[in-house]
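Enquirer: Pasting a structure below so you can have a look.
The values are calculated or read from the model by the stated rules, or taken from the named source; none is laboratory data. Just so it is clear, the model here is predicted, and its values are computed rather than measured. Note: ideal-geometry Cβ built from the backbone for every residue, glycine included; neighbour counts use all protein chains shown.
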Ligand SMILES: Nc1ncnc2c1ncn2[C@@H]1O[C@H](COP(=O)(O)OP(=O)(O)OP(=O)(O)O)[C@@H](O)[C@H]1O
Ligand SMILES: [Mg+2]
């Protein structure tokens with residue numbers, strides 16, 4: 001058995017009296033495509049931000065790529081890539097300028113040219129030409145954001161709703177790219193609202209009101225709730241319980 005690349009134990013994040021993440025635990029194996037699912041406000045982004053070393057937990061522990069998120073957030077940041085819900089691109093810079101900017105942030109030095117070429121090739125950005133990020137299609141912007149988030153060849157990548165607002169063909173291409181990265185051994189952690197995407201995860205965790213409602217492969221999660229239900233049925237049931 002190898003050590004899981006992400007280990008989350010009883011993680012809690014409170015904002016005042018409100019627990020946005022409430023005693024959540026799970027492990028993720030290297031190279032897994034792991035889903036974090038749940039309705040709006042269920043704590044997906046808050047969980048990701050803690051695991052990226054961007055926000056300290058109120059209690060509980062987590063290690064990501066061998067670094068403790070509370071004790072060593074800088075080491076976590078150097079080993080992970082983060083594609084935020086807003087993508088974090090500079091709309092008034094071209095594709096190449098965005099990649100060069102991130103290569104600079106990550107201090108790639110001599111590896112810069114090779115990593116930019118890798119990003120453009122692997123994320124299918126080569127045909128775009130010298131256009132500004134602000135005029136790209138949703139799918140192109142999404143792939144550029146992933147290239148930027150992976151400039152420094154991270155071991156673990158967090159993608160927060162990467163396919164929101166992206167058309168079906170671009171979503172399909174993006175999932176092909178996610179599978180390719182996982183096949184390279186990179187752990188891909190993805191949040192989504194699209195239940196048709198849930199079947200693409202090796203394993204997933206369902207959150208509701210900050211709490212873990214289910215964990216496992218898509219088939220295991222279905223079995224926990226009654227296997228005649230689709231993941232979408234389960235999702236809606238969880239949401240109805242909340243309101
Ligand atoms: N800095 C903050 N201060 C206070 N409350 C916060 C803060 N950040 C998040 N919250 C609250 O925590 C809860 C979880 O938010 P979070 O953004 O993690 O949810 P989410 O699952 O990512 O939702 P969405 O699907 O809409 O992106 C929400 O009720 C949100 O309002
Ligand atoms: Mg969110």
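Enquirer: On the basis of being more than 18 Å from residue 86 (Cβ to Cβ) and in contact with a strand residue (DSSP E or B) (Cβ under 7 Å, 6 or more places away or on another chain), does residue 168 make the cut? Talk me through it step by step, then tell me what you get.
Expert: Details: more than 18 Å from residue 86 (Cβ to Cβ): yes; in contact with a strand residue (DSSP E or B) (Cβ under 7 Å, 6 or more places away or on another chain): no.
Here the answer is no, as residue 168 does not meet what is asked.
Enquirer: Do we have any residue at all in the stretch 35-54 that's away from ligand 2 (no atom under 16 Å from the Cβ), without any contact (Cβ under 8 Å) to a residue 40 or more places away in the chain and over 22 Å from residue 149 (Cβ atoms)? Don't jump to the end; show me each part of the working.
Expert: Looking only at the stretch 35-54, we keep the residues that are away from ligand 2 (no atom under 16 Å from the Cβ), and these are 53.
Among the residues that remain, those that are also without any contact (Cβ under 8 Å) to a residue 40 or more places away in the chain are: 53.
The next check asks that each one be over 22 Å from residue 149 (Cβ atoms); those that pass are none.
Within the stretch 35-54, none of the residues are away from ligand 2 (no atom under 16 Å from the Cβ), without any contact (Cβ under 8 Å) to a residue 40 or more places away in the chain and over 22 Å from residue 149 (Cβ atoms).
Enquirer: Return yes or no: is residue 202 under 24 Å from residue 67 (Cβ atoms) and in contact with a helix residue (DSSP H, G or I) (Cβ under 6 Å, 6 or more places away or on another chain)?
Expert: Working: under 24 Å from residue 67 (Cβ atoms): yes; in contact with a helix residue (DSSP H, G or I) (Cβ under 6 Å, 6 or more places away or on another chain): no.
No.
Enquirer: Right, here's the next one. Could you say which residue among 62, 67 is without any contact (Cβ under 8 Å) to a residue 24 or more places away in the chain, touching a helix residue (DSSP H, G or I) at 6+ places or on another chain (Cβ under 8 Å), closer than 21 Å to residue 157 by Cβ and crowded, with 17+ Cβ neighbours inside 10 Å? Before the answer, list the steps.
Expert: Working: 62 fails: without any contact (Cβ under 8 Å) to a residue 24 or more places away in the chain.
Result: 67 is the single residue among 62, 67 that is without any contact (Cβ under 8 Å) to a residue 24 or more places away in the chain, touching a helix residue (DSSP H, G or I) at 6+ places or on another chain (Cβ under 8 Å), closer than 21 Å to residue 157 by Cβ and crowded, with 17+ Cβ neighbours inside 10 Å.
Enquirer: Right, another one. With the structure loaded, tell me whether residue 192 is touching a helix residue (DSSP H, G or I) at 6+ places or on another chain (Cβ under 6 Å) and at pLDDT below 95 or whether it fails that test.
Expert: no
Enquirer: Could you check the stretch 13-105 for strands (runs of 3 or more DSSP E) lying wholly inside it with 1 or more residues that are on the phi > 0 side of the Ramachandran plot?
Expert: On the way: elements: 18-28, 33-37, 59-64, 80-83.
Where strands (runs of 3 or more DSSP E) fall fully within the stretch 13-105 and carry at least 1 residues being on the phi > 0 side of the Ramachandran plot, they are 18-28, 59-64.
Enquirer: What's the total number of residues in the stretch 50-59 that are surrounded by 19 or more Cβ atoms within 10 Å (Cβ to Cβ) and either closer than 17 Å to residue 23 by Cβ or within 15 Å of ligand 1 (Cβ to nearest atom) (or both)? Before you say what the answer is, go through the steps one by one.
Expert: At the first step, the residues of the stretch 50-59 found to be surrounded by 19 or more Cβ atoms within 10 Å (Cβ to Cβ) are 50-53, 57.
Keeping just the survivors that are either closer than 17 Å to residue 23 by Cβ or within 15 Å of ligand 1 (Cβ to nearest atom) (or both) gives 50-52, 57.
Residues in the stretch 50-59 being surrounded by 19 or more Cβ atoms within 10 Å (Cβ to Cβ) and either closer than 17 Å to residue 23 by Cβ or within 15 Å of ligand 1 (Cβ to nearest atom) (or both): 4 in total.
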